[in-house]
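Note sheet for the following structure.
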Amino acid sequence: MGWKGILGFEYGIVQGPLGPDIAGPELVAAVANAGGLGLLRAPDWESPDYVKELIRKTRKLTDKPFGVGVVLAFPHKENVKAILEEKVAVLQLYWGECSKELVIEAHNAGVKVVPQLPFCTYDEVIPLVFAFLDPREMCKVGSLEEAKKAINVGVDAIIVQGREAGGHVIGQEGVISLLPRVVDLVGDHGIPVIAAGGIVDARGYVAALALGAKGICMGTRFLATHESYAHPTYKRKLIEYDKTEYTDVFGRARWPGAPHRVLQTPFFCDWKCLNAQENETNQPIIGRTIIHGVEREIRRFAGTVPNPTTTGDIESMVMYAGQSVGLIKEILPAGQVVKKLVEAAQLLIHQTFNPDSI
């Protein structure tokens, strides 16, 4: 079943690499200790020594395997080198194309790889793919056409992310329509598919399994946990608000061409029609923060979410969230999120979908 053994981990639950530093050692270790796959987020600038420190801090909190996510749109070569030297279980690469040379180098270091194929077009969706030490390599695909390419190189699993997801998402198709098409495409190849986007509870988990997925990847649900490094106000807003919007208002200068899904906070609703020529560079400073040990100013419309060190006008800062945020009713320990998801999904299947109830 989908809650057993996916990707070599105990359960088919993956915690997305929440950025820029929300997925820290405490969150990743808690997910790993509960049997899921936790992913750290590497800095969006070169800081290899800090990356090693981040990995070592996590290892002090868990003896289970975990991974690190890297955004290829930003400087990353030294960070990746540090990750390979530390021999984490999974290297997750996002928003860029991974070279064959890097895949070989990672495999030689005993690290599983998550490469990405070229950017998606308007009718495609970004998925994630996890590569194992099997000689076959895993690729990140953005459409059925890219999925075919991934099959040809021998991928081991595909995570299909729909437009419902929070944070930066370039795809335009919902997971409920794309997921079964990818499942059908890879069905004869024995490649497990993992669903992402708008999944926060057992019902979403079971729905993904019914559509052919073998597991799920969640961001917003793990954002709303005790261990996530989000600012308390940010976490509170995840419970308070239930609507999101797909936009490009935040971080236009720092990460151009990177649309995102955010909470419909009062600040966002006031500014969501911001002129396309405007960006954060000429805006007033509304706060300060420390991200991965580096002090930063936060300007209005910056794409930086608030963490516990952030000061200033917190409610005017970006707050990423997936479309199903309204289903999250409380902040829980991350391990409990994993446990409750697995138990509730099993119960739902046995009670609702057993032969006597059909």
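The values are calculated or read from the model by the stated rules, or taken from the named source; none is laboratory data. Predicted, not measured: the structure shown is a model, and the values here were computed from it. Please note: Cβ atoms are built from the backbone with ideal geometry, for glycine as well, and neighbour counts cover all protein chains shown.
On the given criteria, is residue 243 touching a residue at least 40 places away in the same chain (Cβ under 8 Å), among the basic types (Lys, Arg) and under 30 Å from residue 266 (Cβ atoms)?
On the way: touching a residue at least 40 places away in the same chain (Cβ under 8 Å): yes; among the basic types (Lys, Arg): yes; under 30 Å from residue 266 (Cβ atoms): yes.
When the stated conditions are applied, residue 243 passes them.
Counting only strands (runs of 3 or more DSSP E) that fall entirely inside region 68-183 and contain at least 3 residues that are buried (at least 22 other Cβ atoms within 10 Å of the Cβ) and modelled with pLDDT of 70 or more, the qualifying elements are 90-94, 158-161. Hey, among the residues in region 184-201 that are hydrophobic (A, V, I, L, M, F, W, C) and assigned to a helix (DSSP H, G or I), which one's modelled with the highest pLDDT? Ranking the qualifying residues of region 184-201, first place goes to 185.
Take the residues in region 26-67 that are hydroxyl-bearing (Ser, Thr, Tyr) and in contact with a His (Cβ under 7 Å, 6 or more places away or on another chain), then tell me which one is farthest from residue 168 (Cα to Cα).
Taking region 26-67 as the starting set, the residues that turn out to be hydroxyl-bearing (Ser, Thr, Tyr) are 47, 50, 58, 62.
Those still in the list that are in contact with a His (Cβ under 7 Å, 6 or more places away or on another chain) too: 47, 50.
Working: 47: 22, 50: 24 Å.
Checked region 26-67; the qualifying residue farthest from residue 168 (Cα to Cα) is 50.
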